[in-house]
Amino acid sequence: MAKIENLITEIADGRLRDEIRREVAALKREKKFGLVFEEHIPEQILLPGLPVKTGSRVVKRGESIKAVFLVEEVHGNGKARVRPENADAKTETVKTKDLVVVKRFGEPIYPTLTPVASLRRAEGKPYHAIVNADNFHALQLFLYCYAGQVDAIYIDPPYNTGARDWKYNNDYVDANDQWRHSKWLSMMKKRLLLARRLLRPDGILCVTIDDCEVHHLKCLAQQYLKPLEIIGTVAIKTSPSGRPTLRGFRTNHEYAVFFACPDNAEIGGVKRSDAQLALFKEKDANGFFTWANLRKRGGANTLRDARPKQFYPFYTKGTSLRIPALEWDKQKRRWKILEESQKEETVLYPIGDDGKERIWSLGHETARDQMGYLKVDPDSKGGKPRILRKMYLESEESQPSTWWEKARYSVVEHGTVLLEQILGRTGSFPFPKSIYAVADCLRVCTSGKKNALILDFFAGSGTTYHATALLNAEDEGNRRCLLVTNNEVNERLARELNEKGIFAGDPDFEKHGICESVTWPRCKYVTQGHRDDGTPLPGSYLDGGELKDGFKENVEYFRLDFLDPHEVAYGDRFEAMLPILWLMAGAKGERENVRGWGKWFIPKQCPYAVLIREETFAEFKRELAGRPDITLVFLVTDSEEAFREMSADLPGQPQTKMLYKSYLDNFKINLETAL
């Protein structure tokens, strides 16, 4: 239906357009929507960095992205002849500087990463990558680099509350848009389908969301993201005082929904609270421990009927205890007591405070083996002796629950206020996440994988990188982040800039965008420990570390641009492709540049190599023999047979890719099936 409405606007005949619009309006009044959503027309993206060429689809700077023109001819005087794409209107001549190339999602594109800035503070560690891009096209690029390799995906997409805080097809979506849920689902479906293909078989996807779309999200995932399943939904108390709403309730929470293949994924633990850790106050040679009641507490599964073999007696006398000889009666499903208690012994069964017969947490054979870890508490509450079991603190993490309410999850203190401390200004980004809530989500997703590859393609203020760096500092890990965010300028400021003749793509416009003014500065400042003017970052983390100390991490900042496929095929854009090859090889060592005119290229610090001239393969192979660390080799050849022969003849059997065919084929495929 939404697609039909957009097509109606392209009808040139005004009378016919109005008649069809009236009929469609009547249909809309009758049609009801439940979980069914409209597949909207393909999204379009402005590409101000692409040159205007004959045949390009373009829009005029500052005008609607829906008013698309076709370029019929580009003149040598900086002007072009254009005509409306879907109308019979006359052609007009426009300055090329006033035109911006647009692409539909699904059209073949050929992305590259243009280096913008870099920060290095950790010799030997891989680099994190921050990408200024539309996330749909960035995901396509990452599929070429990392299909099936990502350990964890954490995203915080638009909540679609109606607050005009996100765009579909370059138009803000607000509460008055009757298609807003449909547009949100269409937008999310396209991106999640790509993201699913990036995950490892044991990878976990975490999506934070609130009540506006959580149920739609779950239905979308169940229908389109198989074999991923919902493995847990956590309610996080992000606002202790509550956020006022027009409906009379204060909102205190949001959700983190976790998706994975249940048979493959390993769920990580979250940090215990200070109160939980305080229970383990005693210590022996094996570590800190606490004494816990051996009798199980809980629901029906702790009753005698559920596990009758765990209902048996202890004989106690003072602080001594023993288990009598027992024999199982299969017919009666109970233990026969083969020896009586002695005169001064007390017989203890796992009877609950409510008088119900319950069970011990150990079977009698295991309890005998662990008698040295059991004791009698003769003076327990209520005057009845208890059997206690020594429980060690095996980890400072515990199995995650579905309700997180620690004060550290507050989006005000550990989100908004923290971001203000880092940037030195207020109002830079709405509702940044608590760094500790994100860190715990990552703990669940990565389960102790210190070398995990983490992706966030709704990166916003950069909290995911900050949380990853914090985790690495805790356990000396080498987790690596891929962050993607657009460079959206807020609506009011964008309008003011447009009125001054400053548009998207202009440096004076782009410097106000999210990525340029928030995401990259935050990631840079928290890594180096100070702002660009040298001001040390104030404040400290909950573990006592100070922000001014920074992190031992390396970060590279890129902008997503697009290449001409013909130039790629002829090898003319080799240098522009090097950042992609560097990422594919693990982003290790400083990224090196070279033009593609030599025989081969083998970086000194990153474990990849490129054979540029096929006829020098024998020399190339000898060169590789001295680099046993090389794990990825790119072979430039037009012959698939030659590629197979050279791949088989390489020393060490590294992974191989055929340039430039593998790159061009990856993006040449019609992507409509993925949308």
Practice prompt. Mind listing just one residue for me: the one in the stretch 340-365 that is acidic (Asp, Glu) and touching a strand residue (DSSP E or B) at 6+ places or on another chain (Cβ under 8 Å) and, of those, surrounded by the most Cβ atoms within 10 Å (Cβ to Cβ)?
Written response: Glu345
Worksheet item: For the stretch 413-423, which residues satisfy the criterion of being surrounded by fewer than 16 Cβ atoms within 10 Å (Cβ to Cβ) and either touching a residue at least 24 places away in the same chain (Cβ under 8 Å) or assigned to a loop (DSSP other than H, G, I, E, B) (or both)?
Response: Gln421
Practice prompt. Scan the stretch 260-278 for residues that are more than 19 Å from Ile153 (Cβ to Cβ) and either in contact with a His (Cβ under 9 Å, 6 or more places away or on another chain) or in a strand (DSSP E or B) (or both) and jot them down.
Written response: Lys271
Discussion item. I need the helices (runs of 4 or more DSSP H) fully contained in the stretch 450-549, keeping only those with at least 2 residues that are open to solvent by 10 Å² or more (accessible area, probe 1.4 Å) and farther than 24 Å from Gly124 by Cα.
Written reply: 491-499, 507-510
Worksheet, complete the sentence: Taking first residues from the stretch 219-245 that are under 15 Å from Ala256 (Cβ atoms) and second residues anywhere that are in a strand (DSSP E or B) and open to solvent by 80 Å² or more (accessible area, probe 1.4 Å), the pairs with Cβ under 9 Å that are 6 or more apart or on different chains are Ala221/Glu229; Val234/Trp403; Ala235/Trp403; Ile236/Trp403; Lys237/Trp403
Discussion item. Just checking: which of the strands (runs of 3 or more DSSP E) contained wholly in the stretch 1-104 hold 3 or more residues that are at pLDDT 80 or above and open to solvent by 80 Å² or more (accessible area, probe 1.4 Å)?
Written reply: none
Fill in: Only listed residue being modelled with pLDDT of 90 or more and closer than 16 Å to Leu542 by Cβ, chosen from Leu374, Leu338, Leu418, Leu348
Leu418
Worksheet item: Name the residues in the stretch 306-324 that are buried (at least 19 other Cβ atoms within 10 Å of the Cβ) and among the polar types (S, T, N, Q), would you?
Response: Gln310, Thr316
Discussion item. What pairs come out if I take residues in the stretch 545-558 that are at pLDDT 95 or above and pair them with residues that are of a type in the set (Phe, Trp, Tyr) whose C-beta lies under 8 Å away, six or more apart or interchain?
Written reply: Leu547/Tyr541; Asn554/Tyr127; Val555/Tyr127; Val555/Tyr465; Glu556/Tyr127; Tyr557/Trp520
Worksheet entry | Considering residues of the stretch 269-278 that are open to solvent by 40 Å² or more (accessible area, probe 1.4 Å) and among the small types (Gly, Ala, Ser) only, the residue farthest from the chain's Cα centre (by Cα) | Ala278
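Pick from the stretch 279-304 the residues that are in a helix (DSSP H, G or I) and among the polar types (S, T, N, Q): which of them is surrounded by the most Cβ atoms within 10 Å (Cβ to Cβ)? Talk me through it step by step, then tell me what you get.
First, pick out the residues of the stretch 279-304 that are in a helix (DSSP H, G or I): 300-302.
Filter once more, keeping what is among the polar types (S, T, N, Q): 301-302.
On the way: Asn301: 10, Thr302: 19.
Step by step, filter the stretch 279-304, then rank; the result is Thr302.
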Worksheet item: Among the listed residues Thr233, Thr245, Thr208, which satisfies the condition of being under 24 Å from Ala163 (Cα atoms) and modelled with pLDDT of 95 or more?
Response: Thr208
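The values are calculated or read from the model by the stated rules, or taken from the named source; none is laboratory data. Source: prediction; values computed, not measured. Backbone-built Cβ (ideal geometry, glycine too); neighbour counts: all protein chains shown. Remember, those area values only see protein heavy atoms, side chains included, never the ligands or the DNA or RNA. Shrake-Rupley method; radii C 1.70, N 1.55, O 1.52, S 1.80 Å.
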